[in-house]
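Asks: Pasting a structure below so you can have a look.
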Amino acid sequence: MADSRVGVFFRTVAMWLLCVIFVIIGLGGMFTNFLAGLIILLGACIFVPQFNRKIKDKVNVTVTPGARAVIAVVCLGLFSYTSSKSLDADRAQHQAQEALANQQKVEQAQKEKREQVVANKDAILVEMHGLIAKQDYSGAIALGNKYSDAGSLEIDQALSQAFIKKVDADKQQLKATVLASLASIKQDDYKGLASTYSKLASIDQAYQTNADKFSKLAEQQAEEQNARGRAISEKARRQSMGLTWNYAEDEDTMSGKPMRRAYVASINTVDFKFPYAGVQRATLTIRKHPRWGTSVYVAIEKGQFVCGYDDCEVRVKFSKGKSQRMSASEPDDHSSDLLFISNASSFIAQARKSDKVYIEANFYQEGSRIFEFDIPDLDWK
């Protein structure tokens, strides 16, 4: 029984406390929005025990704690929604009032400016024209902008005149600067000249012809540079593969004098049958020996030239000339992978004037094979 009375006491205190809180919120809310405050005050009634008993007596309905919680949440939600709408309306009204006040200030300032222009138009125009005459176009534009929206046609015309003259003056200054930069550009720098004349053409169309001319020259120059670069790269690649002339200088052991060689590998390859199978190139060599003189010979990595004791012949063709027969011979040690071409001086003389040479020789069990050599720019004395 005591526990029951304590529980009732605390529930009653809690309900009165909630009632007081709702009443405070409602009264405070009525200062900003009457309807929102009234909703909360009505919600406060559900926490008054006497009010709940009257409802039970008249309609025989008991307002449970859960129902009171639901009603309280609904009232708070309506209060929040109504207050938010009220604040939005107040904010909109305040913004509209500020906008109206700002517009009135602008109109007042515009009115004062128009009155000032009416009273001082002649003096303003005299000052603007004076600045224009002194070529102080920026000053004239700043003064004109100050009164440009005051309804004076004369001031607006003077402002337009200052703008036009400033644009023209800026162009002339830029033109002079660009023209001065031409002196620092090399005459073969077509890209730089094309860029500079293009800038001048944007200012003065009279320079468009030069811009077009140097643009074309710049394109041709770029193509030539790219072609030279590709040629250099290709030459380096071919040289690394031995497909262009390589030079070497050694010392003859017996005489102690220098021995010089120029040698180049064939462009094409051959692949003989067993036991010399495998892709290989031939090598053409010009040699100047301190004891044996100048000689020309062709060598292969593996295989056998067919020549014999009585010497033999090879067919040689320089560039687009006719093929010719040249005598050839084996080396003194009778090795079969090297063949000396007779009359070395005639061969070298023709090689100096040729870009290519084709050499046809016979090989053991392989028949005749032709080797092609690139031989331009032979450096041999």
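Asks: Sort through A211, A222, A194, A206 and tell me the only one that's among the small types (G, A, S), part of a helix (DSSP H, G or I) and open to solvent by 70 Å² or more (accessible area, probe 1.4 Å).
Replies: A206
Asks: Next question, about the same structure. Failed condition for Y276, given (1) touching a strand residue (DSSP E or B) at 6+ places or on another chain (Cβ under 8 Å); (2) assigned to a loop (DSSP other than H, G, I, E, B); (3) surrounded by 16 or more Cβ atoms within 10 Å (Cβ to Cβ); (4) not charged (D, E, K, R), with all others met?
Replies: (1)
Asks: Give me the pairs, please: first residue somewhere in segment 169-187 and closer than 19 Å to D136 by Cβ, second residue anywhere and modelled with pLDDT under 90 and assigned to a helix (DSSP H, G or I), beta-carbon distance under 6 Å, and either six or more positions apart or on two chains.
Replies: K171/I203
Asks: Continuing with this model, one more query. If I filter segment 182-191 down to residues being modelled with pLDDT under 90 and farther than 21 Å from E223 by Cα, which single residue comes out as surrounded by the most Cβ atoms within 10 Å (Cβ to Cβ)?
Replies: If we take residues in segment 182-191 being modelled with pLDDT under 90 and farther than 21 Å from E223 by Cα, then L182 is surrounded by the most Cβ atoms within 10 Å (Cβ to Cβ).
Asks: Identify, from the list R260, R237, R291, the residue that is more than 47 Å from the chain's Cα centre (by Cα) and either over 30 Å from E360 (Cα atoms) or open to solvent by 80 Å² or more (accessible area, probe 1.4 Å) (or both).
Replies: Details: R260 fails: either over 30 Å from E360 (Cα atoms) or open to solvent by 80 Å² or more (accessible area, probe 1.4 Å) (or both); R237 fails: more than 47 Å from the chain's Cα centre (by Cα).
Matching residue, one of R260, R237, R291: R291.
Asks: With (1) within 17 Å of Q304 (Cα to Cα); (2) assigned to a loop (DSSP other than H, G, I, E, B); (3) in contact (Cβ under 8 Å) with a residue 24 or more places away in the chain; (4) open to solvent by 30 Å² or more (accessible area, probe 1.4 Å) as the list, and D379 as the residue in question, which single condition is left unmet?
Replies: Result: D379 fails condition (1) only.
Asks: Same structure again: Which one of the conditions (1) in contact with a strand residue (DSSP E or B) (Cβ under 7 Å, 6 or more places away or on another chain); (2) surrounded by fewer than 16 Cβ atoms within 10 Å (Cβ to Cβ); (3) among the basic types (K, R) does K317 fail to meet, given that it meets all the rest?
Replies: (2)
Asks: Specify which of the listed residues (N268, N226) is polar (S, T, N, Q) and in contact (Cβ under 8 Å) with a residue 40 or more places away in the chain.
Replies: Numbers: N226 fails: in contact (Cβ under 8 Å) with a residue 40 or more places away in the chain.
Unique residue meeting the criteria: N268.
Asks: If you go through segment 143-157 one residue at a time, do you hit one that is of a type outside the set (S, T, Y) and within 30 Å of A201 (Cα to Cα)?
Replies: Looking through segment 143-157, at least one residue is of a type outside the set (S, T, Y) and within 30 Å of A201 (Cα to Cα).
Asks: Still on this model: Considering only segment 302-329, state which residues are farther than 20 Å from I375 by Cα, modelled with pLDDT of 90 or more and in a loop (DSSP other than H, G, I, E, B).
Replies: K302, G303, Q304, V306
Asks: Tally time: how many residues in segment 299-345 are more than 21 Å from V264 (Cβ to Cβ) and charged (D, E, K, R)?
Replies: Going through segment 299-345 one residue at a time, the tally reaches 8.
Asks: List pairs: first in segment 328-340 and of a type in the set (A, V, I, L, M), second part of a loop (DSSP other than H, G, I, E, B), Cβ under 9 Å, 6+ apart or cross-chain?
Replies: Sorted first by the residue in segment 328-340, then by its partner, the pairs are A328/C307; A328/D311; A328/S342; L338/E330; L338/P331; L339/C307; L339/E330; L339/P331.
Asks: May I ask you to list the residues in segment 332-357 that are open to solvent by 70 Å² or more (accessible area, probe 1.4 Å) and at pLDDT 95 or above?
Replies: None - no residue of segment 332-357 is open to solvent by 70 Å² or more (accessible area, probe 1.4 Å) and at pLDDT 95 or above, so the list stays empty.
Asks: Let me ask another. How many residues are open to solvent by less than 20 Å² (accessible area, probe 1.4 Å) and farther than 15 Å from I164 by Cβ if we restrict to segment 131-149?
Replies: 1
The values are calculated or read from the model by the stated rules, or taken from the named source; none is laboratory data. These numbers come from a predicted model, not from an experiment. Reconstructed Cβ throughout: ideal geometry from the backbone, glycine too, with neighbour counts over all protein chains shown. With ligands, DNA and RNA removed, areas are computed over all heavy atoms of the protein, side chains included. Shrake-Rupley method; radii C 1.70, N 1.55, O 1.52, S 1.80 Å.
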